[in-house]
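Student: Below is the structure I would like to discuss, written out as structure tokens.
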Amino acid sequence: GEIMKFEKNVMVKKYNDGVIEEVEDVILREFLLDININSKPIVKLLCIEKDLQELVTGYLITENIVRPEDIQNVDIKIDGNVCDVTLKDIDNTPSHVTTESGDYKNVPYNFTNRDEKVTPIDWDEETLLKISNFNLSGSQLFKETGNVHSVVLAKNGEIICQCDDIGRYNAFDKAVGTAVLNGEKLSDLIAFTSGRIPSSIVQKCINSGISVIVSRSAPTDISLELASKYNLSVIGFCKQSRLNIYRDFRKKD
């Protein structure tokens, strides 16, 4: 296909069963986005230059800087690799930023997390498998580069969006931002990630009000402690025809 601005063609030697051939291949360009909030530098996100408005919108929500319902009071301006966020009528300029994510380098910070339970929704195993398998079959960009994580958000068994990025946290934030900008209510949605379920992803779910997280892989101990405290359903190893239910808070009508 046609090459996008966040991609680059390179020559690569491919070794296959004793034979080497030189071919052209597509790789991703790294993009460093500087985010300032109310003129204060907050964080640098290592991402791809795609869906940046969605990325920043989701980031503000999943880091609990802005509530989804307050997002209309936020002005996001992106110029080059600098994003200026203006919070109107929101008294929550974070002081500084920490995260265990490999996507943020050397940024000291401590946002406060949302301290309320999520509202469980109903779900069934077969639907989770169907959507997880779709997500794991890869986005268009994954098929081209093999180098992105994908996150799907679904509602009542229907896919709302699939977003991807080099970093799994960015992919999650883009999906949340996309859903909110499309007028979706996050508490109705189920999140599917091609990444694992560390506590940082669980916290992003809780901060945004998402009540179900589904992964191809496993949660950690702290993830399950948080899930138990906040009523988050956690499903791991969800692929092909099997899954593990680590926490089950589904609401049965």
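Student: Expressed as a whole percentage, what fraction of the accessible surface of the chain belongs to carbon and sulfur atoms when a 1.4 Å probe is rolled over the protein heavy atoms?
Tutor: 46 percent
Student: Which whole-angstrom value gives the distance between the alpha carbon centres of the range 186-246 and the range 112-171?
Tutor: 10 Å
Student: Also, I was wondering about something else. From zero outward in steps of 10 Å, how is the percent of C-alpha pairs of the range 1-60 spread across the bins?
Tutor: Using 10 Å bins, I get a P(r) of 18, 33, 22, 16, 8, 2 for the range 1-60.
Student: Could you please put T220, T145 in sequence from largest to smallest accessible area, using a 1.4 Å probe?
Tutor: Largest accessible area first, the residues go T220, T145.
Student: Quick one: ranking K185, K13 by accessible area, 1.4 Å probe, largest first, what do you get?
Tutor: Descending accessible area places them as K13, K185.
Student: How big, on average over all directions, is the shadow cast by the Cα convex hull of the range 140-253, in nm²? The partial results should precede the final answer.
Tutor: Details: hull surface 28.7 nm².
Across all orientations, the range 140-253 yields a mean hull projection of 7.2 nm².
Student: If you project the alpha carbons of the range 128-177 onto their three principal axes, what span does each projection cover, largest first, in Å?
Tutor: Principal extents (largest minus smallest coordinate, Cα): 30, 22, 13 Å.
Student: Please calculate how many Å² of accessible area the chain carries per residue, with a 1.4 Å probe and no DNA, RNA or ligand atoms counted.
Tutor: Value returned for the chain: 49 Å² of accessible area per residue.
Student: For a protection proxy built on the mean count of beta-carbon atoms within 10 angstrom, sort 55-66, 153-164, 23-34, 188-199 highest first, please. If you can, show how the numbers build up before the last one.
Tutor: Working: 55-66: 26.0, 153-164: 18.7, 23-34: 14.2, 188-199: 21.5.
My ranking of the peptides, most packed first, is 55-66, 188-199, 153-164, 23-34.
Student: If you take the C-alpha gyration tensor of the chain, multiply each eigenvalue by 5 and take the square root, what semi-axes do you get, largest first, in whole Å?
Tutor: Working: eigenvalues 165, 133, 48 Å².
Working from the Cα gyration tensor, I get semi-axes of 29, 26, 16 Å.
Student: At a Förster radius of 41 Å, what calculated FRET efficiency corresponds to the Cβ-Cβ distance of E22 and N133, to the nearest 0.05?
Tutor: 0.75
Student: So what's the projected area for the range 22-95, the Cα convex hull averaged over all directions, in nm²?
Tutor: 5.8 nm²
The values are calculated or read from the model by the stated rules, or taken from the named source; none is laboratory data. Given the structure is predicted, the values throughout are model-derived calculations rather than measurements. Cβ sites come from the backbone with ideal geometry, for glycine too, and all protein chains shown count toward neighbours. The area values use the complete protein model at the heavy-atom level, side chains included, leaving out ligands, DNA and RNA. Shrake-Rupley method; radii C 1.70, N 1.55, O 1.52, S 1.80 Å.
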